[in-house]
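Some notes on the structure that comes next.
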Amino acid sequence: MKLTILGSSSALPTSERNPSAHVLCAHERFFLIDCGEGTQHQLRKNHIRFSKINHIFISHLHGDHVFGLYGLLSTLSLMGRQTPVHLYAPQNFGQMINSHLNDFDIHLNFELDFIPLSGKDPVQILDDKYLTVTSFPLKHRIPTFGFLFRDKTADRNIKKESIEKYKIPVARINSIKKGADLVLNDGTIIKNEELTTSPPEPLSYAYCSDTKYFKKLSSYVKGVSLLYHEATFGRDLSSLAKMSGHSTTVDAAHIAAEAGAGALLIGHFSARYRDTGGLLEETRELFPVTYAAKDGMTLDIGKLKPL
Ligand SMILES: [Zn+2]
Ligand SMILES: [Zn+2]
C-alpha cells in the first residue's frame, strides 16, 4: 500500500499546495480519494496513469474536495476510456454530477457507476479479492464521510520443508494455506502452526477530512496502520476550528492516540501557514509518529518507521 499526496491545502490553494486529493495504490490498483482543483495536473506530475483509476471517493461537496472531478471525467472520456468508473460520493451528488455533465455538454464514453454515501454508521462500500473499503460519517458543516481501506489477511506461508517432510499433495496445499491441519494416512493430525508461518499483518489506511474532533471517530479507525487526519489549524486556533467544523493539530493527535494508529499524517493546512513545520512539531509533541503531508510525497504504508 502506497499513498501519494496530490494536494495538502485546505480551501485556498497556495503556490506550494493544491487542494485535497490522495491516491492510494494497493495491489496495482489506484484509488483516488477526493479530487480538488488541479488533480489532473498533479496526476500527470506524479506519473499516475489516468486509466489505472477505477474508483473515486469524494468525502463531501465542498469545492476544495470536488472541483477537479468534472475536468477529470471529461479528460477520461476524451482519452477514449471505456471501462466504468465507480464514484462514491454523498447521495445528493448523483443528480448534481449528471446535471453538470449535461449543462456542459460532456458525453462520457464510459459508465459512471454512482454509489451514494449516506447514514450515521460505518458502511462497507467495496469488497473485492484484496481489500475492503468502509465509509464512516465525519462531523463537518455538511454531510461528510471518511474512508477506511483495509487489506484482507493474506494466506499463511507454507514451509517448504513441511511439504517435503509430510509429502503434502498439491491438492491439499491451498486448504493448509487457509489454516487447515494436515491429517496423515494413519490418522495423525499435524497442526497448521507446524506447517506454516504467519502472513504479514494486513495494512490499512484511513482518510479523515474534513471534520471537527469527536471522540467516536477513533472507534471507526481503530488500529489503522496510517491515519490521515486533517489539521487545518494550529492549537491556538481551536475556537476557529470548532466554529468552521475543522480540527487542530491537537485534535488530530488525540484521534491518532485514541485509535492506536501506527502513524499519523496531517494535512488540509490553512493557507495562513507558509511553512507547516510548526504544525508538525505541535502534533509530534502528542503523537510522535506523525508526518506532514506535502504535495508529491509518497508514503509506503508497510514501511513507516517510528521517528
Ligand atoms: Zn476542505
Ligand atoms: Zn469542507
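Throughout, read-outs are computed from the coordinates displayed, never taken from laboratory work. Every value quoted in this text rests on a predicted model; they were computed, and no experiment measured them. Methodologically, a virtual Cβ is constructed for each residue, glycine included, from the backbone with ideal geometry; neighbour enumeration extends over all protein chains shown.
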Practice problem: Choose one of G277, A256, L69: the residue whose Cα lies farthest towards the positive end of the charge dipole of the chain (beta-carbon charges +1 Lys, Arg; -1 Asp, Glu; about the Cα centre). | Solution: A256
Quiz item: Scattering from the C-alpha atoms of segment 189-286 alone, worked out with Debye: what is log10 I(q)/I(0) at q = 0.13, 0.17, 0.21, 0.24 1/Å?
Solution: -0.47, -0.69, -0.98, -1.21
Quiz item: What FRET efficiency comes out for the pair T14/D127, r = Cβ-Cβ distance, R0 = 45 Å, nearest 0.05?
Solution: 0.75
Practice problem: Do me a favour and compute the ellipsoid semi-axes for the chain from its Cα gyration tensor, root of five times each eigenvalue, largest one first, whole Å. | Solution: 38, 26, 17
Quiz item: Which loop trypsin sites (Lys or Arg not before Pro) in segment 143-220, with loop taken from DSSP, have no more than 15 other Cβ atoms within 10 angstrom of their Cβ?
Solution: K152, K159, K167, K178, K191, K215, K216
Quiz item: Taking GluC sites (Glu not before Pro) as exposed when DSSP calls them loop (any state but H, G, I, E, B) and at most 16 other Cβ atoms lie within 10 Å, what is the longest stretch of the chain free of them, the sites themselves excluded?
Solution: 112-307
Practice problem: Return the subset of K129/K294; K120/K305; K52/K129; K2/K45 for which the Cα-Cα distance in this structure is over 25 Å, preserving the input order. | Solution: K129/K294; K120/K305
Quiz item: Please identify the trypsin sites (Lys or Arg not before Pro) of segment 240-282 that satisfy two criteria: DSSP loop assignment and at most 16 other Cβ atoms within 10 Å. Which are they?
Solution: R272, R274
Exercise. Grab the eigenvalues of the alpha-carbon gyration tensor for segment 49-139, scale each by 5, take roots, and send me the semi-axes largest first in whole angstrom.
Key: 23, 17, 11
Quiz prompt | Extension gain, A180 back to H41 (0.36 nm per residue minus Cα-Cα distance, nm) | solution = 45.1 nm
Exercise. Working from Cα positions, state the angle (0 to 90°, nearest 10) between the long axis of helix 277-286 and the longest principal axis of the chain.
Key: 50
Quiz item: So what's the back-of-envelope 222 nm ellipticity for the chain, counting only DSSP H runs of four-plus at -39500 (n - 2.57) apiece and dividing by all residues, rounded to 500?
Solution: -7000 deg cm²/dmol
Practice problem: Could you size up the charge dipole of the chain around its Cα centre, putting +1 on the beta carbon of Lys and Arg and -1 on that of Asp and Glu, and report it in debye to the nearest 20? | Solution: 480
Exercise. Sequence neighbours fewer than 8 away in the same chain don't count; with that in mind, list the aspartates and glutamates whose C-alpha is under 20 Å from K178.
Key: D127, D128, D151, D155, E161, E164, E193, E194, E201
Quiz item: How big is the charge dipole of segment 6-151 about its Cα centre, in debye rounded to the nearest 20, if each Lys and Arg gets +1 on its Cβ and each Asp and Glu gets -1 on its Cβ?
Solution: 300
